[in-house]
1. Residues to consider are Arg36, Arg85; find the one that is modelled with pLDDT under 90 and touching a helix residue (DSSP H, G or I) at 6+ places or on another chain (Cβ under 8 Å).
2. Here is a list: Val178, Val190, Val217. Which entry is surrounded by fewer than 17 Cβ atoms within 10 Å (Cβ to Cβ) and assigned to a helix (DSSP H, G or I)?
3. Return yes or no: is Ile259 at pLDDT 80 or above, within 24 Å of Arg151 (Cα to Cα), in a helix (DSSP H, G or I) and among the aliphatic types (A, V, I, L, M)?
4. List every residue pair whose Cβ atoms sit under 6 Å apart, with the two residues 6 or more apart in sequence or on different chains, where the first one lies in segment 58-83 and is of a type in the set (Gly, Ala, Ser) and the second, anywhere, is surrounded by fewer than 17 Cβ atoms within 10 Å (Cβ to Cβ).
5. With segment 103-169 as the region, which helices (runs of 4 or more DSSP H) entirely inside it contain at least 2 residues that are open to solvent by 20 Å² or more (accessible area, probe 1.4 Å) and in contact with a Ser or Thr (Cβ under 8 Å, 6 or more places away or on another chain)?
6. If I ask for residues that are surrounded by fewer than 16 Cβ atoms within 10 Å (Cβ to Cβ) and assigned to a helix (DSSP H, G or I), which ones from segment 196-209 would you list?
7. Taking the options Ile320, Ile325, Ile315, Ile296, name whichever one is in a helix (DSSP H, G or I), in contact (Cβ under 8 Å) with a residue 60 or more places away in the chain and over 30 Å from Tyr186 (Cα atoms).
8. Can you tell me which condition Val178 does not meet? The list is (1) modelled with pLDDT under 95; (2) touching a helix residue (DSSP H, G or I) at 6+ places or on another chain (Cβ under 6 Å), and all the others hold.
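The values are calculated or read from the model by the stated rules, or taken from the named source; none is laboratory data. This structure is a prediction, so every number in the text was calculated from the model and none was measured. Here the Cβ positions follow ideal geometry from the backbone for every residue, glycine too, while neighbour counts run over all protein chains shown. For the accessible areas, the whole protein counts, side chains as well, though only heavy atoms, and no ligand, DNA or RNA atoms are used. Shrake-Rupley method; radii C 1.70, N 1.55, O 1.52, S 1.80 Å.
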Amino acid sequence: MNGTNFGIESFYFYFFFFLIFFVLGCQGLFAKSSQRKQFFLACFSLLYLMAALRGITVGGDLKRYLPEFHSVSLSSFQYIIEFGRHESGYLIYIKLLSLISSAERCFLVGTSLASLVGPFYLFYRYSKCPVASILLYYAMGYYTNTFNNVRQSIAISIIFCVIPYLLDRKMWKYIIGVLLATTFHYSALVMLIVYPLINKPIDTKKLLVYAGVGLGVVGVFGYFFLSYVAETFLTRFDPESFMEEGEGPGYGLFFFYVIIFLLISSFYIYQKDKMNSNQCKMMSLFVVFQMFAMIIQLSAPIHHSMVRMTYYFFIPIVTIGVPYIGSYIIKRNRVVFYLPIFVFAIYYMIRVYSRAPEYMTNSQGVIPYILIETPIF
């Protein structure tokens with residue numbers, strides 16, 4: 001892989017600037033509110049093709065997923081459910097893909113579709129600034145994470161599709177959706193504990209109590225609880241990845257989440273009396289989601305793979321929460337609001353795409369980008 005470019009010289013960094021012009025062009029082309037669907041379809045198509053047509057080495061975990069796909073293609077449904085290493089929903093899905101074709105391209109096409117439908121559906125339903133949602137989704141590394149963490153990306157996608165049920169208090173539909181997502185990645189089960197807190201707009205006193213109790217419990221008992229869960233319930237589903245130790249986003253990201261939690265909570269408390277019921281419902285969702293991201297992240301310094309579980313909560317905060325709060329800013333001042341956010345996002349993108357010398361790639365294993373079989377710088 002000599003000659004591979006990293007950081008600001010990588011293909012992904014240059015593609016980000018192309019994406020800016022593409023998204024802005026689509027916004028100009030589909031400017032009417034009635035053309036919102038066409039705008040998202042165009043943007044989805046570009047990112048979907050980039051994911052579906054990537055090379056079989058673009059994504060660090062593909063070295064495990066693709067051999068499993070070949071094995072599943074040769075096995076019966078009964079065998080993969082009884083003896084498969086991963087969750088049954090995921091195994092059944094890739095088995096169905098293998099019935100279409102056992103070629104590796106079919107796996108990439110099918111899993112990319114399942115991973116991206118949910119995020120774009122979420123943007124379509126709730127984003128107040130679609131351009132910002134898509135660009136932040138890419139810049140913060142969540143898009144290329146779908147190249148790597150395939151099972152969880154599909155689970156996250158399903159969760160995003162059922163968030164409307166959460167907001168509309170359709171309990172059983174939401175629970176069924178969460179359980180379906182859990183059959184793709186067990187981590188999605190954490191979303192069940194969200195429903196009681198979204199039952200009605202959260203008040204300041206309850207918010208402080210929930211946050212304090214959550215941080216206290218995780219801080220004192222988090223390690224023992226996670227160890228018990230992994231050893232008791234996840235022995236079949238790769239528990240070592242759940243309890244993986246090592247360097248990764250730790251207390252720095254935790255304190256960042258704390259700051260975001262305080263900012264969102266302060267905004268919500270300050271604006272609550274001026275909001276209608278739907279606005280209170282949305283802002284309450286963002287506050288609760290950020291609270292859970294903060295609490296879960298407290299365990300990540302010990303088991304850094306736990307940072308992935310925060311994605312269920314923090315991706316909506318970044319991609320629809322930020323534009324939602326931005327909609328309260330006077331239009332002429334929105335540049336001032338978005339500028340530092342995108343400066344940070346670009347800085348974060350550079351850090352995400354930095355070189356990992358031991359692997360000659362980045363932390364997601366998506367450098368260098370290969371289009372089918374052609375390496376792109």
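1. On the way: Arg36 fails: modelled with pLDDT under 90.
That would be Arg85, the only listed residue that is modelled with pLDDT under 90 and touching a helix residue (DSSP H, G or I) at 6+ places or on another chain (Cβ under 8 Å).
2. Numbers: Val178 fails: surrounded by fewer than 17 Cβ atoms within 10 Å (Cβ to Cβ); Val190 fails: surrounded by fewer than 17 Cβ atoms within 10 Å (Cβ to Cβ).
The unique qualifying residue is Val217.
3. On the way: at pLDDT 80 or above: yes; within 24 Å of Arg151 (Cα to Cα): no; in a helix (DSSP H, G or I): yes; among the aliphatic types (A, V, I, L, M): yes.
It is false that Ile259 is at pLDDT 80 or above, within 24 Å of Arg151 (Cα to Cα), in a helix (DSSP H, G or I) and among the aliphatic types (A, V, I, L, M).
4. Ser73/Ser102
5. On the way: elements: 104-126, 130-139, 142-148, 150-167.
Qualifying helices (runs of 4 or more DSSP H): 104-126.
6. Step one: of segment 196-209, the residues surrounded by fewer than 16 Cβ atoms within 10 Å (Cβ to Cβ) are 196, 199-200, 203-206, 208-209.
Pro196, Thr204, Lys205, Lys206, Leu208, Val209 - these are the residues of segment 196-209 that are surrounded by fewer than 16 Cβ atoms within 10 Å (Cβ to Cβ) and assigned to a helix (DSSP H, G or I).
7. On the way: Ile320 fails: over 30 Å from Tyr186 (Cα atoms); Ile315 fails: over 30 Å from Tyr186 (Cα atoms); Ile296 fails: over 30 Å from Tyr186 (Cα atoms).
Unique residue meeting the criteria: Ile325.
8. The one condition Val178 does not meet is (1).
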